[in-house]
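Only one structure is covered here, and it is reproduced in the block below.
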Amino acid sequence: MKKLLFLVLLALSALTVGLSLPANAATQKVVKIASDNAYAPFEFQGANKEWYGIDVDIITQVAKDNNWKLEISYPGFDTAVNNLKAGKADAVIAGMSITDARKKLFDFSNPYYTSALAIATTGAHKLSSYSELKGKTLGAKNGTAAQTWLESNQKQYGYTIKTYSDGTHMFAALGSGNIDGAMDEVPVISYAIAQGQDLAFSTAMETSLPGGYGFAVVKGQNADLVKEFNTSLSKMKADGTYDKIVAKYTSADSTTATAASADTKITPKKPVYQIYSDNAFAPFEFQNTSKQYTGIDIDLLNAIAKNQGFSIKWNNVGFSSAVNALSAGQADAVIAGMSITDDRKKIFDFSTSYYQANVTVAVPKSTSDVTNWSDLKGKVVGAKNGTVSYDYLVANAKKYGYTLKTYSDATAMYQALEAGSINAIMDDEPVIQYAIKQGKQYKTPLKPVPAGSYGFAVKKGTNPELIAMFNQGLAAIQANGQYDKIVSTYLATSASQSQNKVNESTLGGIITNNWQQILQGLLITLELALVSFVLALAVGVLFGLMASSPNKIVRAISRVYVDLNRALPLLVLIFFLFYGIPNLLQMLTGHQSPINEFVAGVIALTLNESSYISETIRGGIKAVPVGQTEASRSLGVPYLTTMRRVIVPQAVKISVPSLINQFVITLKDTTLVSTIGLVELLQTGQIIVARNFQGFMVYGLIGIIFVAVNLLLMWVGRRVEARFK
């Protein structure tokens, strides 16, 4: 009876709690929506990290009307659609055009926005009719209705088409005079004008788009969401809510952009942030003829830092070195044309994308038989290891029948194309564009392939304020037009002319323009080799003596030291000292303990070279007749004195040729230290090549310098050897 009474009371309590809950708590359903992340005025992120746009406001109102618990993500258009297909999202709203092809995969709502295309020009070069397009160059985004329309009407109006991966770079090209006009959707152009961009378009040149934008679900699923969306959309249009939402983002006097980019400054947590970057990835990072690092990434971050009020110190050490330094805690952040990938997201926290990248194929200008991908059959195509280009070529090799050849760096790849050992290359589109502007006789006959986004990165879980400041500053410079000016500076036709004071297409021009830089690199190389060799000589002699000791323990210690250092590749040792040791210290102490590149190089070379010097000294000692040791000891001379006064001087004389040879080897081994960012002679050459693409002449000059220095050392060595004899 007590149990029955208890169950009744429990049921009544549950009923009471259920009745006391708000109605929406009982009926509210979770709806996962995926959307774009950079398609203003439909979706965009403000400086305060909130999301704004026509689509955002519409879906928020729909969720409110239908009591949805909205979970909305902004992964970008392609990822949003893929998430919908994979069941990771219930629906997509992302300025998605309703087309017959898409209707086979998705069920759409009624169109919530019917757009139109228009051609935008700068304010000083307005157009009033299609007849004025003859002979002009028009831009369009890849894969859009604008591109389709331009291609369909190209013969009729006589213009040239140039395609872009995103609107930011298209409008930047328009502002720089690289193109005469850009075709995009009317609300996008209207929003850009409302943001203060110098754009104008003629209503007489608008072209309506069929279909309109729709809210989409996977075909045959979530029909109730489409029905509820349509009902809410009808209600919004009837009561004026819809018109208010659209006007908020498209009217000329809209203040939404100002609110979205409100100046809510974030306080830096460090007096100076250590920013690591590439040093040879033009036009994003490269050294100009004034020996200053410049490029899209450099200028963007400097502008963002100035806008947000934080200080930075640049360290241009090369891409791999920069990423490794960030992993080891030596860098606060990296900006280096770094693609945002799922694998990298496991290690790094990324900003919002600051550049949408394409990859494209380049062939020699004289090539006439490559106009589509199938024409690459039987040809050899080059790509850099570990890049998006490499992955794309691997995935499509069987389909198109080409042979893939991989390279560790761009210089070798571009030189191979010049030499004719490969027929084509695939690389980032802005890099190829920059190479062409530097005088390379290439052309890009195939349509670019989307390659993802570049992001500003910090080590996962660290420096969150730096990411926040970057995002906020990026939004600010995009809104005021500074972003477009920076990008157009490096991608405009006249960019190469403004960056090259001296013609670097000849050896004389290269020497004239870079002799101070080359001399500085040589001095660092000689300094590194000399300091390392002197230390290695001292350590090597010590362990050589230990190896000849009558004490087994002392000999064993020497043997372990020598064998370990000889067994470990020098490059691995350099990486271990520069990246591994600081990472270990950070794990143990919780504090960053970076090692200077020069110091790490000296330690690595000392350890490596001393092991070989030790064996040389040991061989020299053994070459001294054993009778001399016995005679000295028989006269009562202690062992150490015998070694110091009798054996070692003779052993050193015997070893002089080998020691001089070891110094030459040490000098050549200094080139390996360039891998951690030390700007010695080889790294200096790489920096120069990144700017002028004259790999043959620059590396030939570097090789001649090494040969000259080493021949001089060999001559000095022979003179010293003769003196000893």
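Here GLY309 clears all of (1) surrounded by fewer than 20 Cβ atoms within 10 Å (Cβ to Cβ); (2) under 15 Å from the mean Cα position of the chain (by Cα) except the condition numbered (2).
Within segment 545-583, the set of residues being modelled with pLDDT under 85 and closer than 23 Å to VAL648 by Cα comprises LEU545, SER548, SER549, PRO550. The test for being buried (at least 21 other Cβ atoms within 10 Å of the Cβ), outside any strand (DSSP E or B), at pLDDT 90 or above and of a type in the set (A, V, I, L, M, F, W, C) does not hold for LEU474. Restricting attention to segment 84-96, the residues being surrounded by fewer than 18 Cβ atoms within 10 Å (Cβ to Cβ) and either outside the structural domain of ALA40 (by TED's automatic domain parsing) or not hydrophobic (A, V, I, L, M, F, W, C) (or both) number 3. For segment 638-648, filtered to residues that are exposed (fewer than 15 other Cβ atoms within 10 Å of the Cβ) and of a type outside the set (D, E, K, R), the residue that is farthest from ARG718 (Cα to Cα) is PRO638. Under the condition of being in contact with a Gly (Cβ under 9 Å, 6 or more places away or on another chain) and surrounded by 21 or more Cβ atoms within 10 Å (Cβ to Cβ), the residues counted in segment 101-144 number 12. Scanning segment 378-410 for residues that are among the charged types (D, E, K, R) and surrounded by 11 or more Cβ atoms within 10 Å (Cβ to Cβ) yields LYS379, LYS384, ASP391, LYS405, ASP409. You will find that of LEU535, LEU530, LEU522, the residue that is without any contact (Cβ under 8 Å) to a residue 24 or more places away in the chain and assigned to a helix (DSSP H, G or I) is LEU530 and no other.
Per the conditions (1) farther than 22 Å from VAL572 by Cβ; (2) buried (at least 16 other Cβ atoms within 10 Å of the Cβ); (3) of a type in the set (D, E, K, R), the sole criterion not satisfied by GLU609 is (1). Per the listing ALA600, ALA651, the residue uniquely closer than 18 Å to ASN565 by Cβ and either surrounded by 17 or more Cβ atoms within 10 Å (Cβ to Cβ) or in contact with a Cys (Cβ under 6 Å, 6 or more places away or on another chain) (or both) is ALA600.
Inside segment 371-386, can you point out the residues that are in contact (Cβ under 8 Å) with a residue 40 or more places away in the chain and not in a strand (DSSP E or B)?
If the condition is that a residue be in contact (Cβ under 8 Å) with a residue 40 or more places away in the chain and not in a strand (DSSP E or B), then THR371, ASN372, TRP373, LEU376, LYS379 are the ones that fit.
At least 3 residues being under 22 Å from THR163 (Cα atoms) and at pLDDT 80 or above is the threshold, and among the strands (runs of 3 or more DSSP E) wholly inside segment 405-459 those reaching it are 424-428, 449-454. Within the set ILE613, ILE595, ILE574, ILE581, the sole residue that is closer than 30 Å to VAL679 by Cα and outside any helix (DSSP H, G or I) turns out to be ILE595.
Could you grab me the full set of residues in segment 417-435 that are of a type in the set (A, V, I, L, M, F, W, C) and crowded, with 18+ Cβ neighbours inside 10 Å? Across segment 417-435, the qualifying residues are LEU417, ILE422, ALA424, ILE425, MET426, VAL431, ILE432, ALA435.
For every residue, the table says whether it meets (1) closer than 16 Å to PRO111 by Cα; (2) at pLDDT below 80; (3) in the same structural domain as THR60 (by TED's automatic domain parsing).
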site	(1), (2), (3)
VAL186	no, no, no
SER190	no, yes, no
ILE193	no, yes, no
GLY196	no, yes, no
ALA200	no, no, no
THR203	no, yes, no
GLY220	no, no, yes
LEU225	yes, no, yes
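Looking at the structure I just gave you, is VAL317 surrounded by 20 or more Cβ atoms within 10 Å (Cβ to Cβ), among the β-branched types (Val, Ile, Thr), under 25 Å from GLU597 (Cβ atoms) and within 18 Å of the chain's Cα centre (by Cα)? Here the answer is yes, as VAL317 does meet what is asked.
So how many residues does segment 317-345 have that are of a type outside the set (Asp, Glu) and part of a loop (DSSP other than H, G, I, E, B)?
Going through segment 317-345, the residues of a type outside the set (Asp, Glu) turn out to be 317-331, 333-341, 344-345.
Filter again for part of a loop (DSSP other than H, G, I, E, B), leaving 317-318, 328-331, 335-338, 340-341.
The qualifying residues number 12.
Does TYR74 satisfy the condition of being buried (at least 16 other Cβ atoms within 10 Å of the Cβ), at pLDDT 80 or above and assigned by TED's automatic domain parsing to the domain that holds ASP243? So TYR74 fits the description; yes.
When you go through ALA651, ALA690, ALA708 one by one, which is the residue that is part of a helix (DSSP H, G or I) and modelled with pLDDT under 75?
Exactly one of ALA651, ALA690, ALA708 is part of a helix (DSSP H, G or I) and modelled with pLDDT under 75, namely ALA690.
When the residues of segment 207-218 are filtered to those that are in a loop (DSSP other than H, G, I, E, B) and surrounded by 15 or more Cβ atoms within 10 Å (Cβ to Cβ), the one that is modelled with the lowest pLDDT is LEU209.
The values are calculated or read from the model by the stated rules, or taken from the named source; none is laboratory data. These numbers come from a predicted model, not from an experiment. As a convention, Cβ positions derive from the backbone with ideal geometry for all residues, glycine included, and neighbour counts pool all protein chains shown.
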